[in-house]
Amino acid sequence: MELCDYQAAELARLLRKREISSREITESALLRIENKDKTLNAFLTVTPEFALKQADAADKKFKEGRDISPVTGIPVAIKDNLCTKGIRTTCASKILEHYIPPYDATVVKKILQKGAVLIGKTNMDEFAMGSSTENSAFGPTRNPRDIKRVPGGSSGGSACAVASGEAVLAIGSDTGGSIRQPASFCGVTGMKPTYGRVSRYGLVSYASSLDQIGPIGRSVEDCTMLMDVIAGYDKRDTTSINVPKPDFSGSLSSDINGLRIGLPKEYFVEGLDPLVKEKVIDAVNLLGSHGAEIIEISLPRTPFAVGAYYLIATAEASSNLARYDGVKYGLRAERDQSGLEEMYEYTRSEGFGKEVKRRIMLGCYVLSAGYYDAYYLKAQKARTLIKDDFDRAFQDVDCIITPTSPSTAFEIGEKSDDPIKMYLVDIYTVSLNLSGLPGMSVNCGTIDGLPVGLQIIGKPFDEETLFCAGHAYQQIAERK
């Protein structure tokens with residue numbers, strides 16, 4: 001096993017003992033990228049010189065014994081919708097193909113300050129609009145478990161990079177499942193924090209009331225290492241919430257005796273692959289055999305989640321993406337233009353992909369006069385009811401377990417011509433974004449070599465319970 005295949009937590013321990021160097025880990029990851037990424041297409045930009053410079057700086061810190069963090073010296077990949085100073089940020093779109101931000105996103109700044117190694121920017125669905133990383137203007141990312149299949153989306157590049165050893169840790173964003181679903185499809189661990197727990201400053205917005213940034217790693221312990229760095233209040237983000245930040249790594253425990261786990265009956269109905277259901281139930285029973293109490297619960301408004309999500313998300317997207325007009329930054333169409341209106345039209349027609357255009361048009365429609373009350377307002381009311389369901393459920397349970405996705409990774413192109421089928425892939429994840437809740441996907445086995453994801457849902461700002469439940473499952477499953 002190469003160094004780039006180790007868990008981040010183990011590498012951190014070896015680095016502290018000075019048994020290995022950050023340069024060795026970084027060179028191992030860069031070599032893996034060189035050998036694998038022409039096939040996988042996980043990265044849009046690789047930063048070898050910058051990464052090796054950071055690795056040498058990290059090794060100097062270890063030698064001097066100063067400013068050492070658990071992520072110091074660890075190669076981290078960043079989703080390409082997070083601004084990186086001096087490094088292009090494309091959002092996998094032609095309209096931003098050559099955009100180089102003048103500042104770092106808060107999350108990126110925090111990671112760099114702690115000595116992590118930024119190894120590159122990862123592929124994604126354009127402007128995070130998709131569930132398969134097929135909508136990228138720069139070609140699809142492929143699942144390292146089976147290159148004929150998708151890695152999930154929209155953070156497919158980040159999940160693929162971690163699963164393939166091209167990075168040890170990664171950052172993704174999650175608007176409707178975009179961290180958890182790729183983590184499920186690629187067999188890694190991915191976590192969406194509570195809305196407001198992690199600063200969104202410097203994240204290129206898709207749907208501002210739904211977007212959240214989170215970690216992807218090979219284990220729950222790996223994800224806690226990143227969460228300890230990226231979580232916290234940021235006055236530059238008006239949606240950031242000033243609450244105490246726990247020591248996520250320090251509070252990890254494998255003791256789940258008495259933990260009350262809710263099992264929502266609405267998540268185990270028709271449409272769920274029977275083999276996926278079997279793996280998830282086996283995982284739940286395993287937790288139950290080690291002291292957890294399994295309680296059947298009901299989340300009756302679940303059927304409204306996908307419809308409400310796609311109305312709210314597209315409405316917000318149509319507003320957020322209005323800034324790409326060919327005037328201030330990004331692409332400007334070179335075609336002959338008779339006026340400002342044509343410049344807008346040509347620029348946006350050439351710069352945006354099919355799925356982005358579809359969502360902008362849908363968002364404009366639901367916000368238009370005569371349709372606002374019938375669609376957008378009703379979706380917001382459904383959102384409130386969905387959140388109420390979770391609030392009631394959490395009066396009786398400590399966390400909730402569901403499948404992450406109704407199926408394992410599907411083949412590239414399988415759902416591309418049917419947007420409705422693609423949108424239904426998000427059926428188990430979007431409710432958390434609508435409710436602002438934390439959720440995490442951990443691997444709970446495979447079907448014909450393809451990973452299955454177990455989704456664990458927590459109370460607002462109770463990521464600690466969620467991490468402990470996931471960590472306990474991974475420890476128990478490893479011993480089994």
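The values are calculated or read from the model by the stated rules, or taken from the named source; none is laboratory data. This is a predicted model, so every value here is computed, not measured. Every residue, glycine among them, receives a Cβ derived from its backbone with ideal geometry; neighbour counts consider all protein chains shown.
Scanning the stretch 393-415 for residues that are more than 16 Å from Pro438 (Cα to Cα) and either surrounded by fewer than 19 Cβ atoms within 10 Å (Cβ to Cβ) or of a type in the set (Phe, Trp, Tyr) (or both) yields Gln395, Asp396, Pro406, Ser407, Phe410, Glu411, Gly413, Glu414. Filtered by the rule that a residue be closer than 13 Å to Arg197 by Cα, in a loop (DSSP other than H, G, I, E, B) and either among the polar types (S, T, N, Q) or in contact with a helix residue (DSSP H, G or I) (Cβ under 7 Å, 6 or more places away or on another chain) (or both), the stretch 219-236 gives a lone residue, Asp234.
Taking helices (runs of 4 or more DSSP H) as the structural unit, those lying wholly within the stretch 101-218 and holding at least 1 residues that are surrounded by 24 or more Cβ atoms within 10 Å (Cβ to Cβ) and charged (D, E, K, R) correspond to 180-186. Residues in the stretch 439-471 that are within 21 Å of Ile281 (Cα to Cα) and assigned to a loop (DSSP other than H, G, I, E, B) were compared, and the one that is farthest from the chain's Cα centre (by Cα) is Asp448.
Within the stretch 282-318, being touching a Cys at 6+ places or on another chain (Cβ under 9 Å) and within 20 Å of Arg383 (Cα to Cα) holds for Thr314, Ala315, Ser318. Considering Ser69, Ser154, Ser164, the condition of being among the small types (Gly, Ala, Ser), over 19 Å from the mean Cα position of the chain (by Cα) and at negative phi is satisfied by Ser69 alone. Just give me the residues in the stretch 197-215 being of a type outside the set (Ser, Thr, Tyr), touching a residue at least 60 places away in the same chain (Cβ under 8 Å) and farther than 17 Å from Thr84 by Cβ, in sequence order. Answer for the stretch 197-215, where residues must be of a type outside the set (Ser, Thr, Tyr), touching a residue at least 60 places away in the same chain (Cβ under 8 Å) and farther than 17 Å from Thr84 by Cβ: Arg197, Ala207, Leu210, Asp211, Gln212.
Yes or no: Gly307 outside any helix (DSSP H, G or I) and out of contact with any strand residue (DSSP E or B) (no Cβ under 8 Å at 6 or more places or on another chain)?
On the way: outside any helix (DSSP H, G or I): no; out of contact with any strand residue (DSSP E or B) (no Cβ under 8 Å at 6 or more places or on another chain): yes.
Criteria not met by Gly307.
Criterion first (touching a residue at least 60 places away in the same chain (Cβ under 8 Å), aliphatic (A, V, I, L, M) and touching a helix residue (DSSP H, G or I) at 6+ places or on another chain (Cβ under 7 Å)) does Leu275 satisfy it? It is false that Leu275 is touching a residue at least 60 places away in the same chain (Cβ under 8 Å), aliphatic (A, V, I, L, M) and touching a helix residue (DSSP H, G or I) at 6+ places or on another chain (Cβ under 7 Å). All of Ser184, Ser178, Ser164, Ser136 fail the test of being hydroxyl-bearing (Ser, Thr, Tyr), under 25 Å from Val356 (Cα atoms) and in contact with a Lys or Arg (Cβ under 9 Å, 6 or more places away or on another chain), apart from Ser178. Evaluate the following for Arg359: is it free of Cβ contacts under 8 Å to residues at least 12 places away in the same chain and either under 27 Å from the mean Cα position of the chain (by Cα) or surrounded by 12 or more Cβ atoms within 10 Å (Cβ to Cβ) (or both)? No; evaluated as a whole, the condition is false for this residue.
Looking at Lys79, Lys114, Lys94, Lys110, just one residue is farther than 25 Å from Cys223 by Cβ, in contact (Cβ under 8 Å) with a residue 12 or more places away in the chain, in contact with a helix residue (DSSP H, G or I) (Cβ under 8 Å, 6 or more places away or on another chain) and not acidic (Asp, Glu), and that residue is Lys94. Filtering the stretch 207-222 to residues that are in contact with a strand residue (DSSP E or B) (Cβ under 8 Å, 6 or more places away or on another chain) and not β-branched (Val, Ile, Thr) leaves Asp211, Gln212, Gly214, Pro215, Gly217, Arg218, Ser219, Asp222.
Does Leu434 satisfy the condition of being under 16 Å from the mean Cα position of the chain (by Cα), surrounded by 24 or more Cβ atoms within 10 Å (Cβ to Cβ) and either part of a helix (DSSP H, G or I) or hydroxyl-bearing (Ser, Thr, Tyr) (or both)?
yes
Restricted to the stretch 258-281, and to residues there that are of a type in the set (Lys, Arg) and within 24 Å of the chain's Cα centre (by Cα), the residue that is surrounded by the most Cβ atoms within 10 Å (Cβ to Cβ) is Lys279. Of everything in the stretch 311-356, what is touching a helix residue (DSSP H, G or I) at 6+ places or on another chain (Cβ under 6 Å), touching a residue at least 40 places away in the same chain (Cβ under 8 Å) and of a type in the set (S, T, N, Q)? Give them in sequence order. Thr314, Ser318 - these are the residues of the stretch 311-356 that are touching a helix residue (DSSP H, G or I) at 6+ places or on another chain (Cβ under 6 Å), touching a residue at least 40 places away in the same chain (Cβ under 8 Å) and of a type in the set (S, T, N, Q).
Within the stretch 242-249, at least one residue is farther than 16 Å from Gly436 by Cα, of a type in the set (Phe, Trp, Tyr) and not in a helix (DSSP H, G or I).
Hey, does the stretch 372-388 have a residue that's in contact with a Pro (Cβ under 8 Å, 6 or more places away or on another chain) and either in a loop (DSSP other than H, G, I, E, B) or within 24 Å of Ile456 (Cβ to Cβ) (or both)? No, every residue in the stretch 372-388 fails to be in contact with a Pro (Cβ under 8 Å, 6 or more places away or on another chain) and either in a loop (DSSP other than H, G, I, E, B) or within 24 Å of Ile456 (Cβ to Cβ) (or both).
Just to be sure before I move on: is Thr314 within 18 Å of Ala207 (Cα to Cα) and of a type in the set (S, T, N, Q) in the structure I sent?
yes
If you filter the stretch 269-289 down to residues that are modelled with pLDDT of 95 or more and in a loop (DSSP other than H, G, I, E, B), you find that the one that is nearest to Val198 (Cα to Cα) is Leu272.
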